[in-house]
1. Considering only residues of the stretch 366-401 that are touching a helix residue (DSSP H, G or I) at 6+ places or on another chain (Cβ under 6 Å) and surrounded by fewer than 19 Cβ atoms within 10 Å (Cβ to Cβ), which is nearest to residue 327 (Cα to Cα)?
2. For the stretch 241-259, check the following and say yes or no: at least one residue is part of a strand (DSSP E or B) and at pLDDT below 95.
3. For the stretch 219-238, what are the residues that are surrounded by fewer than 21 Cβ atoms within 10 Å (Cβ to Cβ), more than 11 Å from the chain's Cα centre (by Cα) and not in a loop (DSSP other than H, G, I, E, B)?
4. Looking at the stretch 162-175, which of the residues that are crowded, with 24+ Cβ neighbours inside 10 Å and out of contact with any strand residue (DSSP E or B) (no Cβ under 6 Å at 6 or more places or on another chain) is farthest from residue 208 (Cα to Cα)?
5. Between 311, 371, which is within 18 Å of the chain's Cα centre (by Cα) and at pLDDT 85 or above?
6. Considering the stretch 260-288 alone, what residues qualify as being within 17 Å of the chain's Cα centre (by Cα) and either at pLDDT below 95 or surrounded by fewer than 20 Cβ atoms within 10 Å (Cβ to Cβ) (or both)?
7. Please count how many residues of the stretch 176-218 are in contact with a strand residue (DSSP E or B) (Cβ under 9 Å, 6 or more places away or on another chain), buried (at least 17 other Cβ atoms within 10 Å of the Cβ) and on the phi < 0 side of the Ramachandran plot.
8. Please work out if residue 424 is touching a strand residue (DSSP E or B) at 6+ places or on another chain (Cβ under 7 Å) and closer than 23 Å to residue 333 by Cα.
């Protein structure tokens with residue numbers, strides 16, 4: 001469902017050079033008996049590069065790393081939120097156990113004034129504007145959200161050109177939002193010109209069996225490439241968006257964005273806290289990480305070449321589940337641009353290289369499928385340039401040793417033959 005909220009304006013006390021501009025921003029088959037020894041993809045030169053990581057290690061009570069984050073202060077009239085965002089470590093501090101804790105309290109220790117009068121709550125909001133931006137890649141945060149009516153935690157991104165073009169032309173990518181009256185559901189949403197606020201393009205993800213997101217940590221992520229954004233929770237893909245989804249309006253997401261973390265209290269969408277809401281409430285963040293491949297070009301991945309110098313290719317450039325993965329003349333298309341993740345996945349078009357039905361037999365074909373964290377989607381590279389599925393202990397293989405275009409790829413017992421040799425991002 002779409003996020004039924006108005007713009008989340010950035011606050012008036014951000015870095016002076018951005019303050020005025022940001023005031024109008026929106027928040028919103030073959031082979032013999034040989035077996036290769038596999039090493040994780042993340043240990044190879046072709047592995048995705050970590051461009052931003054905060055594991056929030058440090059003494060309890062410490063403020064966040066100022067080289068990575070700036071802290072916004074002030075209130076937010078646009079959504080009728082109730083909190084005042086404070087500075088330093090008052091409402092955002094490390095817990096000494098590898099977490100950032102953003103705490104919302106029912107208090108006003110400094111007579112803060114909000115749009116509705118004397119503020120009733122305090123909380124915190126952080127962003128990486130002026131410190132870190134990225135165009136494309138895998139963006140994730142592992143977090144445990146608060147609970148209760150009126151709570152509104154979010155992990156999201158804004159276009160770095162917001163000071164020049166304003167919101168919503170800047171674009172907004174909401175990786176995760178949760179509102180307290182939906183304890184089992186989170187939302188991922190896009191906002192841009194012609195599809196902002198309550199008209200944002202999005203979907204929800206609901207935990208099974210009535211579980212609440214506040215009960216445990218979960219990993220919220222987007223995989224972002226040119227003209228493609230895919231959302232997942234704990235590796236489970238629930239939404240994929242392309243320019244075809246914007247109703248003819250401009251796609252505002254092929255440019256650098258910066259990161260934002262915050263915990264709002266009240267507002268048009270979540271509603272205000274009620275008598276059943278207890279304070280303090282906490283958004284606990286285990287890590288924030290951004291990775292991308294090191295192909296040296298766009299940072300969105302690169303080709304994988306094999307037999308006869310041809311490329312690993314997604315048939316017809318389709319991202320439908322079950323689409324064959326094949327050998328084809330290299331042409332530089334997105335169907336041949338693969339991102340190798342530190343989690344062992346190999347991804348293109350927002351989905352994962354997958355062994356069909358989790359098979360382990362020789363000749364099982366490989367395909368494109370929603371990323372789901374299964375062993376069928378885990379791969380490793382040997383020093384001899386084999387790409388191995390550890391579950392099957394078999395190699396990515398060109399069927400019949402044929403270099404003809406559209407030859408299907410499969411898994412087969414590793415033999416060290418030319419049809420099992422691959423150069424990743426080469």
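The values are calculated or read from the model by the stated rules, or taken from the named source; none is laboratory data. Keep in mind that what you see is a predicted model, and the values were worked out from it rather than measured. Quick reminder, even Gly has a Cβ in these numbers, built from the backbone with ideal geometry, and neighbours come from all protein chains shown.
1. Applying the filter and picking the extreme gives 401.
2. So in the stretch 241-259, the residues part of a strand (DSSP E or B) come out as 241, 257-259.
From the residues that got through so far, the ones that are at pLDDT below 95 too are 241.
Checked the stretch 241-259: at least one residue is part of a strand (DSSP E or B) and at pLDDT below 95.
3. Within the stretch 219-238, 236, 238 qualify.
4. Looking at the filtered set, the residue picked out is 162.
5. 371
6. Result: 286, 287.
7. So the count comes out to 24.
8. On the way: touching a strand residue (DSSP E or B) at 6+ places or on another chain (Cβ under 7 Å): yes; closer than 23 Å to residue 333 by Cα: yes.
In short, yes.
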